[in-house]
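Working notes, beginning with the structure itself.
The values are calculated or read from the model by the stated rules, or taken from the named source; none is laboratory data. These numbers were taken from a predicted model, which means no experiment stands behind them. Here the Cβ positions follow ideal geometry from the backbone for every residue, glycine too, while neighbour counts run over all protein chains shown.
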Amino acid sequence: MNIAELSKLHEESLAEAAAAADAAAVEQARVKYLGRNGLIPAVMKQLRDVPAEERPAFGKAANAWRQAFEEALKARSAALEETCGAEAAPAFDFTLPGRWPQGGSLHPLSKVVAEVARIFARIGFTVADGPDIENKFNNFTALNTAPHHPSMDQSDTLWLTDDLLLRTQTSPVQIRTMMSRKPPVRIICPGRTYRRDTMDATHSANFHQIEGLYVDTKPVSLADLKATLAYFAREMMGEGIGVRFRPHFFPFTEPSVEVDFTCHVCGGKGCRVCKQSGWIEVAGAGMVDPRVYRFVGYDPQKVWGYAFGFGVERIAMIKYGVPDIRHFYENDLRFLEQFK
């Protein structure tokens with residue numbers, strides 16, 4: 001390539017830059033002439049093949065071309081920005097009517113937790129909290145769970161290490177609270193829990209519980225527990241709700257009971273939802289086992305107390321008539337708008 005050919009390319013590139021109709025065309029011209037495989041780098045590579053006597057003039061012309069083309073691209077880009085800015089619509093049209101944002105609301109599970117906290121606050125319970133990642137002692141051992149209990153298997157519990165796990169219940173909060181303070185203790189423990197469950201209409205691997213604990217240095221009986229849960233049922237579900245207590249077994253309470261509410265669908269007459277029994281299982285409860293007191297440093301001869309626990313989703317399903325637990329996690333606005 002000689003000086004004359006270089007000058008021709010110089011003029012063509014400047015004309016192409018000046019004719020670019022938009023930012024995309026400017027970029028296309030830049031790539032064509034200045035890109036890695038562009039014409040200007042290719043010409044610079046040919047400099048070594050130019051005769052020695054012509055090389056200074058050729059190199060000067062090539063550098064002048066690069067500089068002029070870069071300045072032409074900058075000028076065209078600036079001109080296009082100025083034109084677009086002048087033609088663009090205003091950022092805000094003040095003549096438009098106002099738009100009021102639609103108000104949000106609490107999630108139904110959050111509503112249930114808040115209502116439960118208010119109900120128990122009236123009889124002296126406070127809210128306690130703890131970490132989602134727990135150790136084996138707080139989640140199992142201190143709750144009198146036998147080492148061979150199936151709940152400790154990998155198939156049931158989400159273990160992180162040999163000692164750490166995602167808590168399977170909110171009962172560890174009760175253990176932490178008793179280890180950190182002396183009786184009387186009167187708390188509820190709302191929180192998220194985790195188990196290896198397959199998701200279906202009534203089960204989830206991630207769900208919420210609220211557990212309660214009352215321990216005192218004066219006698220506390222099973223009658224006190226029944227009165228507390230009957231009070232909660234009336235306040236949460238209404239005066240017409242019935243409560244039933246059935247003998248059961250839990251490692252950390254003795255004696256233990258399961259608590260049923262009358263079916264919200266049939267009012268206790270029997271239907272498909274309650275399997276014709278008229279009752280729906282809601283909670284587990286019982287008197288705190290003396291061995292639990294020993295694990296937390298209490299004297300089982302000097303303290304008495306009860307504990308209970310229930311699923312937040314179960315209460316919400318009964319209270320609001322929700323047939324499938326998965327609705328609470330799908331973030332479907334058509335479902336959530338019912339609870340405003």
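Only residues that are surrounded by fewer than 22 Cβ atoms within 10 Å (Cβ to Cβ) and closer than 23 Å to Arg118 by Cβ: list them for the range 210-219, please.
Across the range 210-219, the qualifying residue is only Asp216.
In the range 106-137, which residues are of a type in the set (Ser, Thr, Tyr) and surrounded by 13 or more Cβ atoms within 10 Å (Cβ to Cβ)?
Of everything in the range 106-137, just one residue is of a type in the set (Ser, Thr, Tyr) and surrounded by 13 or more Cβ atoms within 10 Å (Cβ to Cβ), namely Ser110.
May I ask you to say which residue of Thr95, Thr145, Thr177 is among the polar types (S, T, N, Q), more than 27 Å from Met317 (Cα to Cα) and without any contact (Cβ under 8 Å) to a residue 24 or more places away in the chain?
One residue alone meets the criteria, Thr95.
Considering each residue of the range 180-199, count those that are in contact (Cβ under 8 Å) with a residue 24 or more places away in the chain and under 25 Å from the mean Cα position of the chain (by Cα), and give that number.
Residues that pass the stated criteria total 10.
Consider the range 159-188. How many of its residues are within 14 Å of Pro131 (Cβ to Cβ), out of contact with any strand residue (DSSP E or B) (no Cβ under 8 Å at 6 or more places or on another chain) and of a type in the set (Val, Ile, Thr)?
So the count comes out to 1.
Which members of the range 295-310 meet the condition of being assigned to a strand (DSSP E or B), within 16 Å of Met179 (Cα to Cα) and among the hydroxyl-bearing types (Ser, Thr, Tyr)?
none
Could we say that Ala114 is small (Gly, Ala, Ser), without any contact (Cβ under 8 Å) to a residue 24 or more places away in the chain and not in a loop (DSSP other than H, G, I, E, B) here?
So Ala114 fits the description; yes.
Which of the following residues is among the polar types (S, T, N, Q) and touching an Asp or Glu at 6+ places or on another chain (Cβ under 6 Å): Thr170, Thr217, Thr157, Thr177?
Thr170
May I ask you to list the residues in the range 164-193 that are assigned to a helix (DSSP H, G or I), of a type in the set (A, V, I, L, M) and buried (at least 21 other Cβ atoms within 10 Å of the Cβ)?
Matches in the range 164-193: Val173, Ile175, Met178.
If you take the residues of the range 207-253 that are in a strand (DSSP E or B) and of a type in the set (D, E, K, R), which of them is nearest to Cys263 (Cα to Cα)?
Per the stated criteria, the residue is Arg244.
Would you point out the residue of the range 205-225, among those that are among the polar types (S, T, N, Q) and within 33 Å of the chain's Cα centre (by Cα), that is modelled with the highest pLDDT?
Step by step, filter the range 205-225, then rank; the result is Gln209.
For Ala283, work out the one condition from (1) in contact (Cβ under 8 Å) with a residue 24 or more places away in the chain; (2) in a helix (DSSP H, G or I); (3) within 26 Å of the chain's Cα centre (by Cα) it doesn't fulfil.
Looking at each condition in turn, Ala283 falls short on (2).
Report yes if some residue within the range 84-103 is assigned to a helix (DSSP H, G or I), at pLDDT 85 or above and small (Gly, Ala, Ser); otherwise report no.
no
Which one is surrounded by the most Cβ atoms within 10 Å (Cβ to Cβ) among residues in the range 296-330 that are free of Cβ contacts under 8 Å to residues at least 60 places away in the same chain and over 27 Å from Cys274 (Cα atoms)?
Among them, the one singled out is Pro300.
Between residues in the range 244-262 that are in the same structural domain as Ala223 (by TED's automatic domain parsing) and farther than 18 Å from Ala233 by Cβ and residues that are surrounded by fewer than 20 Cβ atoms within 10 Å (Cβ to Cβ) and of a type in the set (Phe, Trp, Tyr), which pairs lie under 8 Å by C-beta distance while being six or more apart or on different chains?
Ser256/Phe249
Output the qualifying pairs, or none if there are none: Cβ atoms under 6 angstrom, residues six or more apart or on different chains, first residue in the range 63-84 and among the aromatic types (Phe, Trp, Tyr), second residue assigned to a helix (DSSP H, G or I).
Every condition considered, the pairs that remain are Trp65/His10; Phe69/Ser13; Phe69/Tyr33.
Among the residues of the range 62-83, count how many are of a type in the set (Gly, Ala, Ser) and in contact with a helix residue (DSSP H, G or I) (Cβ under 7 Å, 6 or more places away or on another chain).
4
Those residues that are aliphatic (A, V, I, L, M) and outside any helix (DSSP H, G or I), I need them from the range 22-67; list them, please.
Result: Val50, Ala52.
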